[in-house]
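Down below is the structure, laid out as structure tokens.
The values are calculated or read from the model by the stated rules, or taken from the named source; none is laboratory data. All figures in this text were calculated on a predicted structure; none of them were measured in a lab. Here the Cβ positions follow ideal geometry from the backbone for every residue, glycine too, while neighbour counts run over all protein chains shown. Note: areas computed on protein heavy atoms with side chains; ligands, DNA, RNA excluded. Shrake-Rupley method; radii C 1.70, N 1.55, O 1.52, S 1.80 Å.
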Amino acid sequence: KVAIKGIERELICPACKELFTHPLILPCQHNVCHKCVKEILFAFEDSFADGGSESSNQSSPRIKISSSSMDRIDRISRSGRKRNSLTPRSSLFPCPGCQRDIDLGERGINGLFRNFTLETIVERYRQAARAAVAIMCDFCKPPPQESTKSCMDCSASYCNECFKIHHPWGTVKAQHEYVGPTTNFRPKILMCPEHEMERVNMYCEICRRPVCHLCKLGGCHANHRVTTMSTAYKTLKEKLSKDIEYLISKESQVKAHITQLDLLLKETECNSERAKEEAFHSFEKLSHVLEEKKSAAFRAIEASKNLRLEKLQMQAEEYQGLLENNGLVGYAQEVLKETDPSCFVQTAKQLHVRIQKATESLKSFRPAAETTFEDFVVDTAKQEEILGDLSFHSNGLEIPEINEKQSRMYNKALISWECPGKTESADIYVLEYHKLNREEESATWQEIKVCSKSKVISDLDDDSSYAFRVRGYKGSICSPWSREVILRTPPAPVFSFLFDDKCGYNSEHLLLNPRRTSVESRAGFPLLLGSERMQVGCYTTLDYIIGDTGIAKGKHFWAIHVEAYSYLVKVGVVSGNKIQKLFHNTHDVTSPRYEQDSGHDSGSEDAFFDSSQPFTLVTLGMKKFFIPTTPAAPKDPASRILPLPSSLGICLDCDKGKVGFYDAGCMKCLYECEVDCSGIMYPAFALMGGAAVHLEEVVSAKYGQYHDDI
């Protein structure tokens with residue numbers, strides 16, 4: 001048998017830190033006192049009513065709710081739930097054992113089982129702890145006698161005489177179940193908390209709890225796999241017995257582990273003291289350096305002060321001599337009394353020079369030394385920043401890496417990072433960023449604390465480059481900073497629109513997804529019929545589609561993604577007063593020679609490129625970006641063909657009458673030209689053959705939820 005006093009830790013409630021009193025089994029299989037469960041729920045209600053956790057914790061002096069549980073209470077209270085939404089029948093319960101929010105179900109506390117087995121063990125522990133204190137008979141006249149047995153049906157304790165009186169032979173009470181003296185009376189039959197008049201006779205293997213036959217027939221366990229109570233009892237008892245036997249057989253191994261843990265405890269104490277000493281010496285070194293620098297600065301200031309005071313004192317004495325009957329003036333007055341010309345001239349010559357210097361200095365007064373000490377101001381901004389980053393660096397905490405492929409700049413910045421290794425990950429991350437500015441040598445980093453491995457940042461300036469870095473924290477230990485990643489924002493605010501499914505939309509050749517964010521050219525039977533009538537060497541007509549929103553003024557930016565298999569796609573802008581000309585082209589057939597920007601070298605495209613065309617488009621296809629043929633474009637056709645970026649950006653500046661095409665990944669301009677913006681401008685697209693275009697998803701709080709509807 002296991003010593004009863006060796007299991008005390010298993011009999012302590014995780015909430016009140018005392019022995020269990022009427023313990024309830026939570027859905028997470030942890031046990032909590034019935035009173036503690038109620039007090040924690042009252043703390044929830046108080047937090048909803050008062051908007052804080054401090055008063056709720058003070059209102060329950062018996063219970064000791066952990067800080068993490070109170071944080072969850074605060075979080076739920078801030079989520080906007082009303083007080084009335086928390087009732088005993090349906091509530092979240094912060095389990096103090098596993099620190100998780102547990103759903104108690106519709107019945108709340110009433111749906112929880114009492115753990116009678118644990119209650120009995122606690123009572124046996126209490127009896128062992130107070131072996132010297134006897135349980136007295138409940139029916140003796142004073143003074144009561146010591147009880148010899150307790151009746152489980154009457155929930156009372158009796159001495160031998162009183163038991164015979166209250167349980168006479170031949171009556172129903174004589175059949176009552178009696179045990180040794182105890183104060184723990186539990187019901188002989190475990191009843192279902194859902195159906196109070198039914199006893200539990202089955203065990204739900206899904207929910208891992210006893211149920212009655214009504215729960216299985218029409219309750220919440222109707223579709224669950226259940227077994228008989230006797231089978232569950234036999235199975236669980238066998239498993240528990242085998243596990244206990246295994247642990248007992250490994251007693252020597254357990255003792256070895258305990259010895260090792262004792263050594264580790266002592267080693268941890270020694271290492272912590274050594275770490276404290278090393279940290280103390282490190283900070284002492286810094287303190288000595290600061291003290292030396294401070295002393296040197298004070299000495300320099302003191303020396304400069306003495307030198308300046310000396311100069312100013314001498315200057316003051318010189319000016320003191322200019323007063324009447326004092327110093328130089330008094331001496332000159334005495335010289336003037338000399339009547340012998342030769343003696344006077346001999347003395348007055350040198351004196352006159354001194355008088356002239358004094359007169360000149362009087363006319364242009366200038367202190368002999370500066371009174372300000374601006375040259376002695378100590379700039380500690382960089383040192384303060386370095387000291388602010390001073391923390392424990394751990395080789396076990398991995399350096400996070402910013403994933404440039406998953407990070408992107410659009411209407412907002414989405415920064416994602418990952419820890420490529422298998423070492424211990426951080427609990428929280430600190431993301432820092434700053435705008436790159438050539439004028440500012442030392443930029444100020446802006447800091448954001450993040451619990452996940454990605455963050456959306458808004459309110460960034462357009463057409464600007466930003467540097468990002470991230471580090472992980474686990475308690476007071478932090479990892480080194482990641483490599484800085486520089487990303488550039490779009491050259492203008494992001495313009496949002498959808499594909500227009502009404503104006504000129506050809507549903508026979510083009511297929512839109514339900515959200516109108518993707519379009520695909522459908523090379524079906526109508527296209528085959530059209531191609532059958534075409535002459536050899538000619539292409540069929542392009543199918544055009546425009547955006548559903550126009551631009552009248554300002555500078556705007558949007559981005560698209562063209563599928564790699566696309567044969568021919570044109571993107572750009574079209575004026576509203578030329579849309580009809582776009583969709584009602586008189587040519588049913590277009591050849592590479594007559595298409596204004598086909599991407600093919602026909603030798604005569606220069607003559608056909610005209611800014612008076614009803615649209616301004618560039619050609620994409622076969623994973624290439626074709627720079628239109630213009631007088632300013634390179635003559636070599638190969639130099640006009642660029643790799644197609646994964647995301648192509650279009651920037652329209654109506655005020656300057658220009659449209660630019662960008663690699664949206666790095667915001668590099670690939671091509672820019674002038675465009676007539678006299679009317680309302682619309683995003684325009686043209687597709688031919690197998691091709692698909694997707695509008696770039698805007699960055700939102702629910703980033704990463706990308707849909708492929710085509």
Matching option when the condition is open to solvent by less than 70 Å² (accessible area, probe 1.4 Å) and without any contact (Cβ under 8 Å) to a residue 60 or more places away in the chain, among L290, L351: L351
Number of the exception - P193 against (1) within 30 Å of E146 (Cα to Cα); (2) touching a Gly at 6+ places or on another chain (Cβ under 8 Å): (1)
Some residue of the stretch 602-625 being open to solvent by less than 20 Å² (accessible area, probe 1.4 Å), modelled with pLDDT of 65 or more, closer than 26 Å to N577 by Cβ and part of a loop (DSSP other than H, G, I, E, B): no
Number of positions in the stretch 357-378 that are surrounded by 12 or more Cβ atoms within 10 Å (Cβ to Cβ) and aromatic (F, W, Y): 2
Residue, nearest to N577 (Cα to Cα), within the stretch 542-551, restricted to residues that are part of a loop (DSSP other than H, G, I, E, B) and at pLDDT 90 or above: G550
Number of positions in the stretch 558-601 that are buried (at least 21 other Cβ atoms within 10 Å of the Cβ), at pLDDT below 90 and under 30 Å from D462 (Cα atoms): 1
The stretch 192-204, residues that are modelled with pLDDT of 80 or more and open to solvent by 80 Å² or more (accessible area, probe 1.4 Å): R199
Complete set of residues in the stretch 433-447 that are open to solvent by less than 60 Å² (accessible area, probe 1.4 Å) and either within 14 Å of D459 (Cα to Cα) or modelled with pLDDT of 90 or more (or both): Y433, H434
Single condition S482 does not satisfy, out of (1) more than 27 Å from V659 (Cβ to Cβ); (2) open to solvent by 70 Å² or more (accessible area, probe 1.4 Å); (3) of a type in the set (G, A, S): (2)
Within the stretch 24-42, considering residues that are aliphatic (A, V, I, L, M), buried (at least 22 other Cβ atoms within 10 Å of the Cβ) and in a helix (DSSP H, G or I), the one modelled with the lowest pLDDT: I40
Given (1) in a strand (DSSP E or B); (2) aliphatic (A, V, I, L, M); (3) more than 22 Å from the chain's Cα centre (by Cα), index of the condition I486 fails: (3)
Candidate set from the stretch 450-479 (those that are in contact (Cβ under 8 Å) with a residue 60 or more places away in the chain and basic (K, R)); member that is surrounded by the fewest Cβ atoms within 10 Å (Cβ to Cβ): K474
